[in-house]
Amino acid sequence: MIKKKPITQFLKTIIILLLFQLSTTSQSSHPKPPPLPILPIPKSRQISWQIAEMALFLHFGTNTFTDSEWGTGHVDPSIFNPKLLNATQWVTIAKDFGFKRVVLTAKHHDGFCLWPSKYTDYSVKSSPWRNGVGDIVAELAEAARNGGLEFGLYLSPWDRHEHCYGETLEYNEYYMGQMTELLTRYGEINYVFLDGAKGDGEKDMEYFFDDWFSLVHQLQPGASIFSDVGPDTRWVGNENGVAGSTCWSLFNRSAIKIGGYSDARYSAEGDAFGHDWVPAECDVSIRTGWFWHASEKPKSAMTLLDLYYKSVGRNCPLLLNVPPNSSGLISDEDIHVLKEFSELRNSIFSHNLAKSALLSASSTRGDPNDSQFSPNNVIEEGLYTYWAPDQGQQSAWTLYLEFQQVITFNVLELQEPIQMGQRIIEFHLDMLDENGTWQHVVNGTTVGYRRLLLFPTVKSHLLRLVIGKSKVFPLISHLGIYMDSYSVPRHVSDDTHTKSKFINNLVFRRTAYNQSQSASI
């Protein structure tokens, strides 16, 4: 009689081995998950605000008709009569020339309201414009919505007309009443601009900023709030439209007081050790003043391009003020400059030379054959695809770009996936010269949402981007190589006085207490 037991046992062993092999094969086929973010990280509304990159600020009111910047609060409302006012024109200009948001001074320091507030008669309802039944906030909100642009508002805390200004409780109630009107009448509001501006010798006044912030986020959860210290975006510390060449989105809100004296460098550069995610915004006017004045001329398109490099190109959205004139329209000379500015940007940034390169990296996270973290991701648009090096690599993280022919270029663009935190501390770009030697091209510090570096024109067929220092292993979501035939670069790297010192890969912020008053727009 033949015994079957050994054969049965053998088959069981084979089956177990096959199942084990299938199990391990299945496990190894699972993709590597994304790395952990490094805190702090932005909220959804902060990401939406940042990716807009540029917004148009519209300073408009009685000052437009009195040739003044800070109104007294006692001008007769009858002076306000912009007979040709066309909010659709404002929005069309913004949209056509690359701006994603419009922001209106619903009330400036003089207290005159561009909507018919029930809490005061000092508003458009007391003017001859639209026979006293007009509402500029409503017209612009509708135009922005129809044009597909975001809509923001500035409600000045300082009010030189309202009699209760100076009475802390009464005025804060008044202010929150007006804020509630603005945030509940006009649909979605994406942005609220606040400041602590106040002239010398004015009444003492305590603003309940925390109450205001809570109200805004309660009524408009998607709205980003700007002030000297956030909570969503901070003032860059000047009204020149220029960010620090090192610029962290990280910040300690407790270090700055709204409306008080502040460390201008700290506002401009942020804080590598900051506990709060509060990226900076650069505000500047296309003219000398913030309101329209017939005697003033706009900045040139080349000046705006330079500001673009020093704001958007330094991790800071640009809030460019373009004031409507007394007829209620944006002036033709301003439109001409904005058009030329748009054409310059399109000419430079519409052709990314990096897209024709063969990309490789010093290492890649997970399976090198898996495209999830491939170096090829850096030529794609958007935050949510990126190159990630192997977690075991501790320094000199490198991307290589090899071209089939020599390219000519003078601009480097980098982006980090900011939803994963801000990581990069120092980087540099090298090129291989005709003798086969690596030559330094440009170096930089922080990257953040977007970094642009302009340098003297060079030529090469092989480039390498080296991340020299990073909080943890870096992530790159986008890399661009461009040719700017219009600008004349003044330097080839970050200013050395703004660089940070490093010990054991940890950054220590150098303190420099340059006193500067807060924004006074």
Quiz prompt | Long-range HN-HN contacts of MET483 with modeled amide H, under 5 Å | solution = ASN410
Self-check item: For Cα extents along the principal axes in Å, calculated from these coordinates, the label among (i) 113, 68, 44; (ii) 69, 66, 59; (iii) 125, 77, 50
Solution: (i)
Quiz item: So what are the ³J(HN,Hα) numbers for the stretch 150-167, from phi and the Karplus equation (6.51, -1.76, 1.60; θ = phi - 60°), rounded to whole Hz, Gly and Pro as x?
Solution: 6, 10, x, 9, 10, 10, 4, x, 6, 9, 7, 9, 5, 5, 8, 4, x, 8
Quiz item: With a sphere of radius 11 Å drawn around the Cβ of THR66, what net charge do the other residues whose Cβ falls strictly inside it have (Lys, Arg +1; Asp, Glu -1)?
Solution: -4
Exercise. Report, by chain and number, residues whose modeled amide H sits under 5 Å from the one on HIS478, excluding near sequence neighbours (fewer than 5 apart, same chain).
Key: GLN415
Quiz item: What does the highest-first list of 231-237, 476-482, 209-215 look like by mean Cβ count within 10 Å?
Solution: 231-237, 476-482, 209-215
Quiz prompt | Accessible-area ranking of ILE335, ILE467, largest first, probe 1.4 Å | solution = ILE335, ILE467
Exercise. Over the chain, calculate the relative contact order: mean separation of alpha carbon pairs under 8 Å at least 6 apart, over the residue count, as a percent.
Key: 16 percent
Quiz item: So, in Å, what gap is there between the alpha-carbon centers of the stretch 117-144 and the stretch 180-221?
Solution: 19 Å
Quiz item: What shape does the stretch 73-136 have by the C-alpha gyration tensor, where a ≥ b ≥ c are the square roots of the eigenvalues, rounded means a/c under 1.5, and otherwise prolate means a/b greater than b/c and oblate the rest?
Solution: prolate
Exercise. Name the shape class, rounded, prolate or oblate, that the alpha-carbon gyration tensor gives for the stretch 214-352, where a ≥ b ≥ c are the square roots of its eigenvalues, rounded holds for a/c under 1.5, and otherwise prolate holds if a/b is larger than b/c and oblate otherwise.
Key: prolate
Quiz item: PHE251's amide H: which non-local residues (gap 5+, or another chain) put their own amide H closer than 5 Å, with H modeled 1.01 Å from N in plane and none for Pro or chain starts?
Solution: ASP271, GLY274, HIS275, ASP276, VAL278
Quiz item: Using a 1.4 Å probe on the protein chains only, how many percent of the accessible area of the chain belongs to carbon and sulfur?
Solution: 53 percent
Practice problem: Give a residue-ordered list of calculated ³J(HN,Hα) values for the stretch 56-69 (Karplus: 6.51 cos²θ - 1.76 cosθ + 1.60, θ = phi - 60°; whole Hz; x for Gly, Pro). | Solution: 9, 8, 10, 7, 8, x, 5, 4, 4, 9, 10, 6, 10, 9
Quiz item: What value, in deg cm²/dmol to 500, does the helix sum -39500 (n - 2.57) over DSSP H runs of n ≥ 4 give at 222 nm once divided by the residues of the chain?
Solution: -7500 deg cm²/dmol
Quiz item: When the Karplus curve 6.51 cos²θ - 1.76 cosθ + 1.60 is applied with θ = phi - 60°, which whole-Hz ³J(HN,Hα) does each residue of the stretch 359-369 get, with x for Gly and Pro?
Solution: 9, 8, 9, 5, 6, 9, 5, x, 5, x, 7
Quiz item: With Cβ to Cβ distances under 12 Å as the rule, what net charge do the other residues near SER460 carry (K, R +1; D, E -1)?
Solution: -2
Practice problem: Show me 267-277, 159-169, 432-442 ranked by packing, highest mean number of other Cβ atoms within 10 Å first. | Solution: 267-277, 159-169, 432-442
Quiz item: Over what distance in Å are the Cα centres of the stretch 79-108 and the stretch 391-414 separated?
Solution: 42 Å
Quiz prompt | Per residue value of the accessible surface for the chain (all protein chains in place, 1.4 Å probe), Å² | solution = 43 Å²
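The values are calculated or read from the model by the stated rules, or taken from the named source; none is laboratory data. Just so we're clear, the structure is a prediction, and the values are computed from it rather than from any experiment. Neighbour counts are summed over all protein chains in view; Cβ atoms, including those assigned to glycine, are modelled from backbone coordinates with ideal geometry. For accessibility, only protein heavy atoms count, side chains too; no ligands or nucleic acids. Shrake-Rupley method; radii C 1.70, N 1.55, O 1.52, S 1.80 Å.
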